[in-house]
């Protein structure tokens, strides 16, 4: 008799599920590292693309919105610094959600043949995202220094900020991965949703600026959780300031989203290997 054996994807208690996640920690850490090493290995610049991609993305937005359209004039003192922080922070959430949308489908064969806690897959995706984001932060700090921003002790808030945003992103990834598993069209329309979210999150234009004139619309935009996270980053990295209220609001969003996302993802644990 084998009491430890059970069907593929069979539900377990929450305590047992978390214990199994811990036992699969090597898988959660090893898979994303291999994925990162495999990326760009056949290109001339190799892993340098992890630095170049966010820089090129920010440069495109700067040319279009800062130089051609002149949106930055009179709105932000140091638009280059303002822009790079917004782009890097938002890009971390965007790439996490896009990876999460395909993580179950991409690993379908593994899910169908091996019994393991399925949340290990979104977690491994997040580890990969954190490492990639570290390259983005290096690129961001380089731009800040080049544009005349003086480093301060507040730059050390990058560590708790990465933790906070990673928790927030993981909650989104858990929601997105299950939703995309049930509805495969999510992978097609998600880029459009993220594009709209990008434009309303104050990445390119300050929400407090003259471009948002309606008080109600401004209040709704300022309640956007990713906008709050971006503002925390700008406070710390550009202004060298710290606003506890913003941190408490962002933390509430992150923890609430993680709990809700985990419960939502786990409810379909037995379904992921069926299709």
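The values are calculated or read from the model by the stated rules, or taken from the named source; none is laboratory data. Here the structure is a predicted model, which means the values were calculated and not measured. Backbone-built Cβ (ideal geometry, glycine too); neighbour counts: all protein chains shown.
Counting the residues of region 197-227 that are at pLDDT below 85 and in a helix (DSSP H, G or I) gives 8. Regarding region 14-29, can at least one residue be identified that is more than 18 Å from residue 131 (Cα to Cα), modelled with pLDDT of 80 or more and not in a helix (DSSP H, G or I)? Yes, region 14-29 contains at least one residue that is more than 18 Å from residue 131 (Cα to Cα), modelled with pLDDT of 80 or more and not in a helix (DSSP H, G or I). Taking the criterion of being in contact with a helix residue (DSSP H, G or I) (Cβ under 7 Å, 6 or more places away or on another chain) and more than 12 Å from residue 98 (Cβ to Cβ), the residues of region 163-183 that qualify are 164, 165, 166, 167, 168, 170, 171, 174, 175, 178, 179, 181.
From the list 60, 68, the lone residue that is within 30 Å of residue 142 (Cα to Cα), modelled with pLDDT of 75 or more and exposed (fewer than 12 other Cβ atoms within 10 Å of the Cβ) is 60.
With region 71-148 as the region, which helices (runs of 4 or more DSSP H) entirely inside it contain at least 1 residues that are farther than 16 Å from residue 203 by Cβ and free of Cβ contacts under 8 Å to residues at least 40 places away in the same chain? Quick ask: steps written out before the conclusion?
Numbers: elements: 79-100, 103-106, 108-113, 120-146.
Answer list for region 71-148: 103-106, 108-113, 120-146.
Of all residues being in contact (Cβ under 8 Å) with a residue 60 or more places away in the chain and part of a helix (DSSP H, G or I) in region 180-196, which is farthest from residue 130 (Cα to Cα)? Just the residue, please. Checked region 180-196; the qualifying residue farthest from residue 130 (Cα to Cα) is 182. For residue 122, the conditions (1) in contact with a helix residue (DSSP H, G or I) (Cβ under 7 Å, 6 or more places away or on another chain); (2) at pLDDT below 85 are fulfilled apart from (2). When each of 238, 230 is tested for being part of a helix (DSSP H, G or I), more than 26 Å from residue 117 (Cα to Cα), modelled with pLDDT of 95 or more and in contact with a helix residue (DSSP H, G or I) (Cβ under 6 Å, 6 or more places away or on another chain), the lone residue that passes is 230.
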